[in-house]
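Report on the structure given below.
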Amino acid sequence: MTSPTLAAAGLALAAFVAAPAAAEPLVDLPGLGLESGEASVIGVSSGGYMAAQLAVAWPERFSGLAVLAAGPWSCAQGTLRRALGQCMTTRLGPPDLAELELRLTDYREHERVGSRADLAELRAFVWHGEADDTVAPALGAALADQLAGWLADPERQLRFMTHDNVGHGWPIGHGDALPPATELGDCHHGGGTHLLSCGLDIAGEAMAWLHGGASGADDDAAAKPAGALVRFDQGDFAVKGLDSAGYLFVPERCEAGGCALTVALHGCGMGAEQIGETFVRHSGLNEWAAAHDRVVLYPQAETSLANPQGCWDWWGFAESTWQLHPLHDTREGIQVRALMAMIDRLQEAPAPR
C-alpha cells in the first residue's frame, strides 16, 4: 500500500520539522501519511512491557515488536505485587505462561486484543543483559518462550539475544553520536540514564531484524542523522501518566511521504522529565531511521505519586483506582488508546495546504 505524499502539507510541514527542540512552543502532532501496514514498536523495561501490550492488543497494526530488558506480556496481571515479585524479581516464582495464555484467551473472546492469526504474523526481537539486577534475565527468556508459542514460524520470526556482563538498560555503541560520558550508565551495573556504554548497537540489531537492511547506519548518519527531532503537544492525547510533550524524529527523505513508523517507548527513569533529551537523541534509533526511511515517535510518560519513576503503565496504576480488574493491557487501556491515537494521527494524510 502506497502512502499519500506530504506535498500537500507544504509550508506547514516545513515549519513543523524545522521547529527547535525546547525553546519554541509545542507543535501539534501532524498527519504524515505514514504507511499503515509496516509500523513497529520497540521499548525498554516498562516501555518493553508496554510495547508488548500494544502489539498484542493491535497485532494487525504492527509488523514488528522489539522488547529490551522486560518479561512476558501481561506478567503483572494488574497488581503491583506481581509486578515487583514476579516480573522484576522472581521471588514469588516465575510467571506462569499457561496462566497468562488463559488471560489472553479470555481477552480474545471479549475482543479486547487482536486475533491469534494476526499475532502469529508478527516479527519479534527480544534482548536482555545477563547482569540485569532490576528485571531478572530469566524474564526475558520467558518472553521469548511466550512469543515462540504465538508465532507461526519462530525460527524465522523471532530473535532472542543476550549479552554477558550487561546490566539493566538500553546498550548503545560507539561514535560521534554518543552523549557525553556523564550521561551514560555503566555497561555492567546499569543505572544513570539507563543508556549503557557497551559498544553494542542494540537499536540497529533490533531494527535490522524487524525490517531488514544493515544493522548499523553509515558513518555520516551516525555523526548526525539527516532529519529533525521536534517536540509535540501530547495534550490531544492526554490521559493519566502521559507527560505534556512528546518527541518525533522525521528523516529528511520522509518529508515527501512513503515512510513507515517506529514507536519507541522509554523505560522508567528515562523520560525527558528525568534525563532530558538523552534517550530521544542518543538511542541509536534516529541514525538507523535516517538511513532506512522510518519516522520515530517517542511518546513520553510523566512522574506522579502513583508512578514516581515515570514508568509506562504495565501493571494497571492508571486504572486500578477505579477498576477492580484494570484493562491496561488491552485495547481498552487508557494509555494503549492514547498511543494508538498518536499512531492514527501520524498515519493520516497531511492536511491540505
Test result for residue 135, free of Cβ contacts under 8 Å to residues at least 60 places away in the same chain and not small (Gly, Ala, Ser): no
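Which residues, taken from the range 241-275, are in a helix (DSSP H, G or I) and touching a Lys or Arg at 6+ places or on another chain (Cβ under 9 Å)? If you could, list the steps in order and put the result at the bottom.
Of the residues in the range 241-275, the ones in a helix (DSSP H, G or I) are 252-256, 272-275.
Once the filter is applied, which keeps residues that are in a helix (DSSP H, G or I) and touching a Lys or Arg at 6+ places or on another chain (Cβ under 9 Å), the range 241-275 yields 254, 272.
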Residue within the range 72-85 that is out of contact with any Pro (no Cβ under 8 Å at 6 or more places or on another chain), over 22 Å from residue 318 (Cα atoms) and either among the acidic types (Asp, Glu) or in contact (Cβ under 8 Å) with a residue 24 or more places away in the chain (or both) present: no
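This table checks each residue for (1) surrounded by 21 or more Cβ atoms within 10 Å (Cβ to Cβ); (2) at pLDDT 95 or above.
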site: 123; (1), (2): no, yes
site: 170; (1), (2): yes, yes
site: 175; (1), (2): no, no
site: 181; (1), (2): no, no
site: 189; (1), (2): no, no
Filter result (among the hydroxyl-bearing types (Ser, Thr, Tyr), more than 20 Å from residue 302 (Cα to Cα) and surrounded by 24 or more Cβ atoms within 10 Å (Cβ to Cβ)) within the range 41-86: 74
Positions within the range 276-305 being closer than 17 Å to residue 210 by Cβ, of a type outside the set (Asp, Glu) and assigned to a helix (DSSP H, G or I), in sequence order: 285, 286, 288, 289, 290, 291, 292
Test: residue in the range 100-118 that is crowded, with 22+ Cβ neighbours inside 10 Å, within 19 Å of the chain's Cα centre (by Cα) and not charged (D, E, K, R): yes
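Based on this model, can you work out whether residue 278 counts as surrounded by fewer than 24 Cβ atoms within 10 Å (Cβ to Cβ) and free of Cβ contacts under 8 Å to residues at least 40 places away in the same chain?
Working: surrounded by fewer than 24 Cβ atoms within 10 Å (Cβ to Cβ): yes; free of Cβ contacts under 8 Å to residues at least 40 places away in the same chain: no.
Against the criterion (surrounded by fewer than 24 Cβ atoms within 10 Å (Cβ to Cβ) and free of Cβ contacts under 8 Å to residues at least 40 places away in the same chain), residue 278 does not qualify.
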Identity of the residue in the range 322-336, modelled with pLDDT of 95 or more and among the polar types (S, T, N, Q), that ends up surrounded by the fewest Cβ atoms within 10 Å (Cβ to Cβ): 330
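The values are calculated or read from the model by the stated rules, or taken from the named source; none is laboratory data. None of these values were measured; they are calculated from a predicted model. Note that each Cβ is placed from the backbone with ideal geometry, even for glycine, and that neighbours are counted across all protein chains shown.
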